[in-house]
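First up is the structure itself, then whatever we jot down about it.
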Amino acid sequence: MPVPVRVLLADDSPHAQRMGERILREEGYEVVTVVDGGEAIARLDEVQPDLVLADVFLPQRSGYELCRYIKRHETHRHAGVVLIAGLLEPVDEEEARRAGCDAVLKKPFEASVVLDTVRPLIDRARFARGLFAESVPEPPPPEPPRAGAAPPAKPEIDPEAVRAAVTLALDRSLPALVEEISEKILIALGH
């Protein structure tokens, strides 16, 4: 049974919550919604999100603070973090970069833009956590060896399934990685 994609949506706007939840749930993602940055941090261990969508201007802890916390936390740093803001709200791009933000989205949400932004981040996070594609059930504990018995056989791994999973992950995440690397190079070159 595949492990569900989990998204933590931190936004104090009921309209943004409804829109974000609708878009993400229609894609089959589990969504947990919170209304402030403090609650988002408190729920991280419980939710174990693959992706966090956080309003830049959250009460208690800002989206920047939440992003910084996640990216520095051993257990959660694999999660993609997308900062969100209203169409006319300013986003400090430099602060977002320093916090480790993976992307920025503007509200109101457009489903295709949201999904094009979050899919590669989710794939990357799940790959980093070892959850990409379908999870493999835990094998039962080995039985104690019997006298004279042959050692247990190693489980078979289908090389083609591994290649297919890696190819799918790269196909989805490569455009975002190329963009991210190009942007970092241009910044380093002063452009």
Pairs where the first residue, in the range 112-133, is within 15 Å of Gly20 (Cβ to Cβ) and the second is in a loop (DSSP other than H, G, I, E, B) and at pLDDT below 85, C-beta under 9 Å, 6+ apart: none
Some residue of the range 55-66 being of a type in the set (A, V, I, L, M) and farther than 30 Å from Pro2 by Cα: yes
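The values are calculated or read from the model by the stated rules, or taken from the named source; none is laboratory data. Nothing here was measured: the structure is a model prediction, and the numbers come from that model. All Cβ positions, even for glycine, are placed from backbone atoms using ideal geometry, and neighbour counts span all protein chains on display.
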